[in-house]
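Shown next, in structure tokens, is the structure this report addresses.
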Amino acid sequence: PDPERWAKDAEKYPQDKFAYTGVFDLWPKRDPKRTDNITAIGAWGWTLSRGLDLAFTIPEIDAKRSVVTGCSRLGKSALMAAARDERFAVCVPNQTGGGGVPLAKRDYGENVSTENRMFTHWYCTAYAKYAADPAKLLTFDQHLFVACVAPRALLVEGFGSPWFDTEGEYLALRAASPVWELLCGSGLPAGTWPAPYETSAIGPRLGYVHRTEEHGIAACDWQWMLDFADGVFKR
């Protein structure tokens, strides 16, 4: 890591003024000496679970048939929520980028270095120790995070920007697939990285699809998500 560059980026992208407000008042005051303070992604994931708490109190909602989703940083948060809260039956993270589904050891696009320079409120400071050379320093990778969702259903939706490394998302799912195969009997369908809009990599409980439109949830993303969830809940 380049401390001088990091300092310039911190000045360019000031986050401390707004990053730890609102829901953070529910936790003790942040200790700057700690490297594992609660982060924005952790907090957003936690609030998704609190929303599910509320859903379980509303008779008109079948909260057991829940789908958690989000795009970009909120896609990371949806994945975090599903990994920690087994009540989410289906998880559909959309365009998560680095720190979400893509393999970090690829060191591609939104990588560990840029994550720690540009989005300091998203990650605890302990994460920065891997930034210099993720391929050598990391003793784990995102497929292990992804596998925490199993045996519940997971559909990952990506798009074409190199920054979001959607091929890295597919490779992470391929690496995590044996967990679904063990627990569910089937994982990611056999094959190679599919072309945009191709749905051959969507299995019964683990799937991947990507497209070419701009950043954000598109109509086809909603359709893929609803079709996937319908298939899960009908089984």
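Report THR166's accessible area, 1.4 Å probe, all protein chains in place, as a number in Å² to the nearest 10.
THR166 exposes around 10 Å² with every protein chain in place.
Measure off, as a whole percent, the carbon and sulfur share of the 1.4 Å-probe accessible area of the chain, all protein chains present.
58
What shape does the range 130-235 take by its C-alpha gyration tensor, where a ≥ b ≥ c are the square roots of the eigenvalues and a/c under 1.5 counts as rounded, a/b above b/c as prolate, and the rest as oblate?
Because a/c hits 1.5 or more and a/b fails to exceed b/c, the range 130-235 counts as oblate.
Could you state the accessible area per residue of the chain in Å², with a 1.4 Å probe and every protein chain left in place? All intermediate terms of the calculation are to be shown ahead of the outcome.
Values: 11900 Å² over 235 residues.
Solvent-accessible surface per residue comes out at 51 Å².
Mind sorting out which of [x] 135; [y] 191; [z] 159 is the real volume of the Cα convex hull per residue in Å³ computed from the coordinates?
Recomputing volume of the Cα convex hull per residue in Å³ here picks out [x].
Decide, for the range 55-185, between rounded, prolate and oblate: order the square roots of the alpha carbon gyration tensor eigenvalues as a ≥ b ≥ c, take rounded if a/c falls under 1.5, and otherwise choose prolate if a/b is larger than b/c, else oblate.
Here the range 55-185 falls in the prolate category.
Relative contact order for the range 93-235 using alpha-carbon pairs under 8 Å, separation at least 6, rounded to a whole percent?
Relative contact order, the range 93-235: 25 percent.
Rounded to the nearest 0.05, what FRET efficiency do THR35 and LYS8 give with R0 = 25 Å and r taken as the Cβ-Cβ distance? Could you check?
Given R0 = 25 Å and the Cβ-Cβ separation, E is 0.65.
What is the dipole size for the chain, taken about its Cα centre, with +1 at each Lys and Arg Cβ and -1 at each Asp and Glu Cβ, in debye to the nearest 20?
Here the chain has a charge dipole of around 580 debye.
Return the FRET efficiency for the residue pair TRP27, LEU226: r is the Cβ-Cβ distance, R0 is 35 Å, and the value is rounded to the nearest 0.05.
0.50
Between THR47 and SER161, what FRET efficiency follows from the Cβ-Cβ distance if R0 is 30 Å, with the result rounded to 0.05?
Once the sixth-power term is evaluated, E becomes 0.65.
Based on the mean of other Cβ atoms within 10 Å per residue, sort peptides 207-216, 128-137 so the most packed one is first.
207-216, 128-137
The values are calculated or read from the model by the stated rules, or taken from the named source; none is laboratory data. Please read all numbers here as calculations on a predicted model, not as lab measurements. Cβ coordinates were reconstructed from backbone atoms using ideal geometry, including for glycine residues, and neighbour counts include every protein chain displayed. Just so you know, the surface numbers come from the protein's heavy atoms only, side chains and all, with ligands and any DNA or RNA stripped out. Shrake-Rupley method; radii C 1.70, N 1.55, O 1.52, S 1.80 Å.
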